[in-house]
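Peer 1: Dumping the structure here so I can ask a few things about it.
Each reported figure results from applying straightforward, stated rules to the coordinates on display, with no laboratory input. Predicted model, so just to flag it, every value in this text is computed and none were measured. Because the Cβ atoms are built from the backbone with ideal geometry, glycine has one as well, and the counts that use them run over all protein chains shown.
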Amino acid sequence: MKSLGTAALFLVLTLGGSALAGIGGSSTVSAQASKADTKVETESTNTPSPAAPAPKPDVFYDPGLLPEPVRAMRDKILEAALSGDLDKLKIVIQTNEMPPVFSFGEDKGDAIAAMKEQSNDGEGREVMAILAEVLEAGYVHVDKGTPQEMFLWPYFAQYPINDLTPPQIIELFKIVTSFEYTEMKEFGAYNFYRVGIGPDGTWHFFVAGD
């Protein structure tokens, strides 16, 4: 009977040890799983979120929506540009409140000379054609309520160049070539000619670059 009791005790101890080992193993597995879940959650939290898309300005096409002074100046410039007569454009420049900027870092006093210099035909008419195309494009109203408030043509100057739709690309190709468009996408922005007219009708600039 004593031998049977010893054997029974041994069996109980053996089974109990196995049960305890099982409990301890389960606790270890659960702890490891919890750590793994925490790691995955941490990695998910640290994953950078996608960059927000660049904001797109409101684009307008109707000149009738412009303030009267702005619309009047735009019409005068456009009429002179379409005439191909630099003297007519010179009159518009001379009646402006201040000489518009036609180039960066050069003499602002002789806009006609600047246009001739920038035009491949040597007469300024190529640049006049660009001026007309720019003013016939859509426009944006920027910096409202500030001293820098401006109506700006074409709207591409303020629009994410890599987000243009197919119809917008067709609009752009009226002003630039496909090669220039490819370069702009690599640069990250429109960098061709643009026109700025203040809300009081003052013609501020007709420049290329960025």
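Peer 1: Pull out the extension gain between Asp85 and Thr146, defined as 0.36 nm times the separation in residues minus the alpha carbon to alpha carbon distance; nm, one decimal.
Peer 2: The Asp85-Thr146 span can extend by a further 18.5 nm.
Peer 1: Give the residues of the stretch 148-168 whose amide nitrogen is closer than 13 Å to a point set 7 Å from the Cα of Phe60 in the direction of its Cβ.
Peer 2: Within reach of a label on Phe60: 150-153, 155.
Peer 1: Take the alpha-carbon centre of the stretch 153-202, take the same for the stretch 130-144, and report the distance between them in whole Å.
Peer 2: Each part reduced to its Cα centre gives a spacing of 9 Å.
Peer 1: Within the stretch 76-104, whose backbone N sits under 17 Å from a point 7 Å along Cα→Cβ of Ala208?
Peer 2: Under cut-off, by backbone N: 101-104.
Peer 1: For Gly201, enumerate residues with amide H under 5 Å from its amide H, sequence gap 5+ or separate chain, H modeled in the peptide plane.
Peer 2: Val70
Peer 1: Here's another thing I want to ask about it. Using 0.36 nm times the number of residues separating Asp121 and Gln168, minus their current alpha carbon distance, what extension gain do you get?
Peer 2: Net length gain for the segment: 14.1 nm.
Peer 1: Can you pull the three principal axis extents for the Cα set of the stretch 57-210, in Å, largest first?
Peer 2: Between the extreme Cα coordinates on each principal axis of the stretch 57-210 lie 39, 37, 28 Å.
Peer 1: In addition: So, how do all the Cα-to-Cα distances of the stretch 63-114 break down into 10 Å bins, in percent, from 0 on up?
Peer 2: Calculated over all Cα pairs of the stretch 63-114, the distribution is 24, 49, 25, 2 percent.
Peer 1: Next question, about the same structure. Determine, at each q value in 0.16 (inverse angstroms), the log₁₀ of I(q)/I(0) that the Debye formula gives when each Cα of the stretch 122-210 is one equal point scatterer.
Peer 2: -0.64
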